[in-house]
Amino acid sequence: ETLSTLCNAVLKSCAERKEYDPPYTLLRLTGAYYQKVKPDPSRPQHPDTEELEYLSSRLCENPIYSDLGLWHFVLSKDIKTPAPVSQSEDRTLSVADKRAVVQRVTLLLYSMRGIGFTPQR
């Protein structure tokens, strides 16, 4: 509870300042932290088994993760194409570079889907 409260305070501050690096880093780091919770009585499959609640699942509900600016920042940070040295230099990506871009975009989309980011959100 305390970590969740602290993280949400950081996320609120980042949202106000439009700082996107800390929220994404926080999301990746909190995926390793969890707590055991009592099972949900509405799901009677395994009533005596404790469930794991990950800290990242609580944080992903924060509005900053619905901000497309965050995901644009993450994508632009992850995919860096070298700037041309001169105006006459060709900016065309090689086939290998295009494949790398597609792979990184795909990974980002899977990450977004994994935290519950859907077109409806």
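A few comments on the model shown:
- Label-to-label distance, residue 33 versus residue 3, with points set 7 angstrom from Cα along the beta-carbon direction: 0.4 nm.
- The stretch between residue 110 and residue 72, if pulled fully straight at 0.36 nm per residue, gains 12.2 nm over its current Cα-Cα span.
Bear in mind that the values in this text are calculations on the coordinates, not laboratory data. Here the structure is a predicted model, which means the values were calculated and not measured. Here Cβ is always computed from backbone atoms with ideal geometry, including for glycine, and neighbour counts include all displayed protein chains.
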